[in-house]
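First the structure, which I've put down as structure tokens, then a few questions once you've had a look.
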Amino acid sequence: MNLVIQGEEVSTPDLKALHRIARGTAIERIAQSAFRITSADPGTRDAVVAHCAGTRLDWGFVNEGAKLADFRLLAMDMDSTLITIECIDEIADFAGRKAQVAAVTESAMRGEIDWPESLRRRVAALEGLEQSALEKVYAERLRFNPGAEQLIAAARKAGLKTLLVSGGFTYFTDRVRDRLRLDYAYSNVLVVESGKLAGRTTGPLVDAQGKAVHVARLKAQLGITSAQVIAIGDGANDLPMMAEAGASIAYHAKPVVKAKAAYVLDYAGLDGVLALFPGS
């Protein structure tokens, strides 16, 4: 296998140490801050983890020759994964309730609160807010995480279908889908009455199980296996979706997610996925 090392900054001494620890044959540069140690021994995983933990480096053992085109579907969470914010927290800011709502969001992402109940409580806190707040959040606060656009472009070029599946709201997922030219987007629908948020959602709930159902349905529709799916998330409600994928990636994620993911990106951007699985 190859060992991919990446981060905000990768020093030569750390690369040499990891080359020695992993018993690799060579060191190859993949990108500005990403390197491949070839023919690494996966049996050295614990020693690699120990070294990287103290040096702010991401690591991943991947099969030699693995590439993005080996996959057929890229499934992604939106809030705090594809984009930098939690949309519901930012909407709540316009109602003067950001701290209250953000605390519930954080607890839900750690898996401490039942997710449907957490959504009900957070959406209820938005009741009476002008619908125009949604446009302000989208225009003024929604930004893509580093490497997001590069990853999507590479996935499209390699022939993958792209899925955005979010516990957030269609107001944002639909716009992100169109902006990035994604193939599919599923999320929750906020009820608006007389130009104001009604404090509830309508239609099928896209919760943790809902996310997994969408991925499983697309696998069947496309005639592919789990081994051909990449899934990226950051919160506990992403775990069932990630379990549907052969390559599950925890992106700047909560500990409960990192513990179960195949790969963890704590320091690299979303283009770090392309260091693990090159586009060509």
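Which one, R36, R156, R20, has the greatest fluctuation when you compute a Gaussian network model over the chain with C-alpha springs under 10 angstrom?
Greatest mean-square fluctuation among the candidates belongs to R20.
Evaluate the charge dipole of the chain about its Cα centre and quote only its size in Debye, nearest 20, assuming +1 on the Cβ of each Lys and Arg and -1 on the Cβ of each Asp and Glu.
520 debye
I would also like to ask the following. Taking the Cβ-Cβ separation of D114 and K258 as r and a Förster radius of 22 Å, what is the calculated FRET efficiency to the nearest 0.05?
Between D114 and K258 the formula returns 0.55.
Given contacts defined as C-alpha pairs under 8 Å and at least six residues apart, what's the relative contact order of the stretch 1-65, whole-number percent?
Over the stretch 1-65, the number comes to 47 percent.
List the relative contact order of the stretch 140-216 as a percent without decimals, with contacts defined as Cα pairs under 8 Å and 6+ residues apart.
24 percent
Here's something else I'd like to know. Compute the relative contact order of the chain as a whole-number percentage, counting only Cα pairs closer than 8 Å that sit 6 or more residues apart in sequence. Walk me through the numbers before you get to the answer.
Working: 566 pairs, mean separation 62.6, N = 280.
That works out to 22 percent.
Taking R0 as 30 Å, what FRET efficiency do you get between D183 and A139 from their Cβ-Cβ distance, rounded to the nearest 0.05?
The formula returns an efficiency of 0.75 here.
Amide H neighbours of I30 under 5 Å, counting only residues 5+ apart in sequence or on other chains, H built in-plane at 1.01 Å?
F35, R36
Going down the table (K196/K254; K219/K254; K211/K258; K136/K161; K136/K196), which pairs top 22 Å between alpha carbons?
Correct reply: K196/K254; K219/K254; K136/K161.
Moving on. Under a cut-off of 17 Å between alpha-carbon atoms, report the lysines in cross-link reach of K157, not counting same-chain residues fewer than 8 places apart.
Partners within reach: K67.
On to the next question. When the Karplus curve 6.51 cos²θ - 1.76 cosθ + 1.60 is applied with θ = phi - 60°, which whole-Hz ³J(HN,Hα) does each residue of the stretch 185-197 get, with x for Gly and Pro?
Those phi angles translate into 8, 9, 7, 9, 9, 7, 7, 10, 10, 6, x, 10, 5 Hz.
Based solely on its DSSP helices, what 222 nm [θ] is calculated for the chain when runs of n ≥ 4 H residues each add -39,500 (n - 2.57) and the sum is averaged over all residues, nearest 500 deg cm²/dmol? Each step should come with its number before you reach the end.
Values: 12 runs with 108 residues, N = 280.
That comes out to -11000 deg cm²/dmol.
Using unit Cβ charges (K, R positive; D, E negative) and no other charged atoms, how large, in debye to the nearest 20, is the dipole of the stretch 12-64 about its Cα centre?
For this selection, approximately 140 debye.
Separate question: For the stretch 94-105, take each phi angle, set θ = phi - 60°, evaluate the Karplus expression 6.51 cos²θ - 1.76 cosθ + 1.60, and give the result in whole Hz per residue in order, putting x for glycine and proline.
Values per residue, Gly and Pro as x: 6, 9, x, 10, 4, 4, 4, 6, 4, 5, 5, 4 Hz.
Estimate the FRET efficiency between I27 and A227 by the formula 1/(1 + (r/R0)^6), using the beta-carbon distance for r and 22 Å for R0, to the nearest 0.05.
On the way: r = 28 Å, r/R0 = 1.29.
According to the calculation, E is roughly 0.20.
In Å, what is the Rg of the alpha-carbon atoms in the chain, and how long is Dmax?
19.5, 66
Same structure again: Hey, can you grab everything whose amide H is under 5 Å from the amide H of K161? Only 5+ residues off in sequence or another chain; H modelled, so Pro and N-termini drop out.
L73, L74
For each of I91, I113, count neighbouring Cβ atoms within 10 Å of the residue's Cβ, then give the residues from fewest to most.
Listed from fewest to most nearby Cβ atoms, that is I113, I91.
Additional query: Would you calculate the separation in nanometres between label points at A153 and D174, each defined as 7 Å from the Cα along the Cα-to-beta-carbon direction?
Label-label distance for A153 and D174, simple model: 2.8 nm.
Using alpha carbon centroids, what distance separates the stretch 172-228 and the stretch 1-32, in Å?
With the stretch 172-228 and the stretch 1-32 each reduced to a Cα centre, they are spaced 38 Å.
I've got another one for you. Projected onto the charge dipole of the chain (+1 at Lys/Arg Cβ, -1 at Asp/Glu Cβ, origin at the Cα centre), which of S194, V62, W115 gives the Cα projection farthest towards the positive end?
V62
With θ set to phi - 60° and the Karplus curve 6.51 cos²θ - 1.76 cosθ + 1.60, what are the ³J(HN,Hα) couplings of the stretch 203-209 in order, to the nearest whole Hz, using x for Gly and Pro?
x, x, 7, 8, 9, 4, 5
Moving on. Name the most mobile residue of A26, A102, A231, meaning the one with the largest mean-square fluctuation, in a Gaussian network model of the chain with Cα contacts below 10 Å.
Most flexible of the set in this elastic network: A26.
While we're on this one: Determine which residues of the stretch 185-209 fall in the zone a paramagnetic label at F94 would reach in this model, i.e. backbone nitrogen under 17 Å from the point 7 Å along Cα→Cβ.
Within reach of a label on F94: 189-201.
Coordinate-derived values only; no laboratory data. Bear in mind that the values here come from a model prediction, so they are computed numbers and not experimental data. All Cβ positions, glycine included, derive from the backbone under ideal geometry; neighbour counts span all protein chains shown.
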